[in-house]
Amino acid sequence: MDTEFLQTMALTFKLAFITTVILLFIGIPLGYFLSQTRSRLKPALEAIVSMPLVLPPSVLGFYLLLAFSPKNGFGAWLDESFDLRLVFSFEGLVLASIIFSLPFMVHPIQSGFSALGKSLKEASYILGKSRLQTLWFVLLPNIRPSLLTASVITFAHTVGEFGVVLMIGGNIAGETKVASIAIYDEVESLNYDLANQYALSLFVISFAILLFVYAVNKSMLRSEFR
Amino acid sequence: MMQINISKPLHTADGTIDLHVNKEIQKGDFLTLFGKSGSGKTTLLRIIAGLETPKSGTIVVDGEVWFDSSKKINLPPQKRNVGFVFQDYALFPHMSVRQNLEFALPNKKESKKIDEILEIMEIENLSDMKPEHLSGGQKQRVAVARTLMTNPKMLLLDEPLSALDGAMRLKLQDELHTIHQKFGITSILVTHDISEVFRLSNRVFKISLGEVIDDASPSEVFANQNISGKFKIVGEVLSIKKSDILYIVEVLAHNEIVKVTAVKSDIANLNIGDRILLSSKAFNPILTKI
């Protein structure tokens, strides 16, 4: 196996891992808020969270490209203030992936929280426990299957994304070239063997991930209530 | 002692009603809130616990203001120190019985108290079980045990026995009674079961459409309608058959089919499916222990 292949695969999983970890920290408060709120803004917020599900990735990538471009106000400000260039860089890919995979993290967590009866939360409050204690000791342990599902689906989805990455990351080996881009690239240059190597790897890994989720979730549900 | 004077609009199946309660509850009372579903009794209990906020009014317990709409005071449930037993018991499913009690304990150093309460409630043997594997009666006991861990000022019970069968119900009624006696803890129980009212409470609020329409001891409240010299049961007409010069009416009353003889004038207005009142004035029904 050549080093570029390994480098690309490593980059792909590094991107997915970082994206998943950051999204977990965003998804838990956001999913909790959405499951509890009775605000009139809830439908609007839910629509925004779900947008990446229906929007062509290229649309999202296009606007992110415009926003992050150093030629425009926001991108220029980032460049000047933080020395941060989000176009054609790994940091930009992470940010784009976070936005693009947001619904995959938030939805399972939100429905996990919604499925818990409100009496668990209320019982904990009455026993004198704060909101944070209740979230950490009572609610989160009871939605572990949802957390696992959310994390793994987010990870897998980030591994598989193409449009956004292509628009905003481009194809810089070791920096923004991820596996799905590499497949396209190799096919373009009629390098079918290498394309197949990438494709088969993704195929096998995706299957293994899903198999893991279903197997673990099943045994977790069982041991949870033993 | 609790003074409560609150009002809150409730949206029920019968339209919007106004829950309005202005009462005093004495220390050590066992009060039942009795009424049909949708009358506002559970909401009243939740308001006392701080789980729902009244539109206006005050709640003062032992001189401490829990709620005052004019001063914008609303103590959160965490600060009210009440015990609440939910209809579904709300035991934490991922914790064992002991862990449920331990979680409730405000001071982790007092772990001796867990064993004490486990023993009093006779659930030591369930200590390591997860709630999933407990029966309804056991869950109810664990739920009560858990509320006792915080030494609550008041025990609020939201129909905790409604999901249990007859024998278990009676047993747990006795247990609630014992706990009330033992800890002297002011208790408020929501129920729509008259026998529960009689067995447990010394005072009952009869609530209808958000208003407390009766406030007295159980025997006073139910004196007029249920304990009277006359014998009467509500039933439904199943069939009307002619037999010689009489008619035989079959009536379904409390899952029993009763045959009643009638004359022509009695059945003139009766149709199958009508709801009727079966009553007897002159004859005393016979009591037989079963």
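The values are calculated or read from the model by the stated rules, or taken from the named source; none is laboratory data. All figures in this text were calculated on a predicted structure; none of them were measured in a lab. Reconstructed Cβ throughout: ideal geometry from the backbone, glycine too, with neighbour counts over all protein chains shown.
For region B:131-149, the count of residues that are more than 10 Å from chain A (Cβ to nearest Cβ) and of a type in the set (Asp, Glu) is zero.
Taken together, the residues in region B:33-83 that are hydroxyl-bearing (Ser, Thr, Tyr) and within 14 Å of another protein chain (Cβ to nearest Cβ) amount to 3.
Within region B:149-167, the set of residues being farther than 15 Å from B:Leu189 by Cα and either outside the structural domain of B:Arg199 (by TED's automatic domain parsing) or not in a loop (DSSP other than H, G, I, E, B) (or both) comprises B:Gly166, B:Ala167. Of all residues in region A:95-117, exactly one satisfies the criterion of being touching a Ser or Thr at 6+ places or on another chain (Cβ under 7 Å) and within 14 Å of chain B (Cβ to nearest Cβ), namely A:Gly112. Among all residues of region A:118-138, there is at least one that is within 14 Å of chain B (Cβ to nearest Cβ) and touching a residue at least 60 places away in the same chain (Cβ under 8 Å).
Table: residues versus (1) within 15 Å of the chain's Cα centre (by Cα); (2) aromatic (Phe, Trp, Tyr); (3) buried (at least 16 other Cβ atoms within 10 Å of the Cβ).
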| site | (1), (2), (3) |
| --- | --- |
| B:Arg169 | yes, no, yes |
| B:Asp174 | yes, no, no |
| B:Thr178 | no, no, no |
| B:Ile185 | no, no, yes |
| B:Ser195 | yes, no, no |
| B:Asn202 | yes, no, no |
| B:Phe205 | yes, yes, yes |
| B:Ile213 | no, no, no |
| B:Pro218 | yes, no, yes |
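Within region B:237-250, is even one residue away from every other protein chain (no Cβ under 14 Å), more than 30 Å from B:Leu101 (Cα to Cα) and within 12 Å of the chain's Cα centre (by Cα)? Scanning region B:237-250, I find no residue that is away from every other protein chain (no Cβ under 14 Å), more than 30 Å from B:Leu101 (Cα to Cα) and within 12 Å of the chain's Cα centre (by Cα), so the answer is no.
Taking the conditions exactly as written (surrounded by fewer than 20 Cβ atoms within 10 Å (Cβ to Cβ), within 20 Å of the chain's Cα centre (by Cα) and farther than 14 Å from A:Met9 by Cα), does A:Pro145 satisfy them or not? Judged against the criteria, A:Pro145 is a match. B:Arg146 meets the stated requirement of being closer than 21 Å to A:Gln133 by Cβ, in the same structural domain as B:Thr191 (by TED's automatic domain parsing) and under 24 Å from the mean Cα position of the chain (by Cα). Scanning region A:30-47 for residues that are out of contact with any Ser or Thr (no Cβ under 6 Å at 6 or more places or on another chain), within 18 Å of A:Leu102 (Cα to Cα) and surrounded by 12 or more Cβ atoms within 10 Å (Cβ to Cβ) gives A:Leu30, A:Gly31, A:Tyr32, A:Phe33, A:Leu34, A:Lys42, A:Leu45, A:Glu46. Residue under question is B:Ala253, and the condition is that it be in the same structural domain as B:Glu236 (by TED's automatic domain parsing), within 29 Å of the chain's Cα centre (by Cα) and surrounded by 10 or more Cβ atoms within 10 Å (Cβ to Cβ); does it hold? Yes. The sole residue among A:Gly61, A:Gly75 that is modelled with pLDDT of 85 or more, surrounded by 15 or more Cβ atoms within 10 Å (Cβ to Cβ) and in a helix (DSSP H, G or I) is A:Gly61. Of all residue pairs spaced 6 or more apart or on separate chains, those with beta-carbon atoms under 6 Å, a first member in region A:3-14 that is among the β-branched types (Val, Ile, Thr) and a second member that is surrounded by 20 or more Cβ atoms within 10 Å (Cβ to Cβ) are A:Thr8/A:Lys177; A:Thr8/A:Ala179; A:Thr8/A:Ala182; A:Thr12/A:Val159; A:Thr12/A:Val178; A:Thr12/A:Ala179.
Within region B:102-130, restricting attention to residues that are among the aliphatic types (A, V, I, L, M) and facing chain A (nearest Cβ under 10 Å), the residue that is farthest from A:Gly128 (Cα to Cα) is B:Met129.
Taking region B:198-290 and the strands (runs of 3 or more DSSP E) fully enclosed by it, the elements with 1 or more residues that are at pLDDT below 85 and either over 30 Å from B:Thr178 (Cα atoms) or not hydroxyl-bearing (Ser, Thr, Tyr) (or both) are at B:231-243, B:246-253, B:256-262, B:275-280. Restricted to strands (runs of 3 or more DSSP E) entirely inside region B:3-101, those with at least 2 residues that are more than 23 Å from B:Ser187 (Cβ to Cβ) and without any contact (Cβ under 8 Å) to a residue 24 or more places away in the chain are B:15-25.
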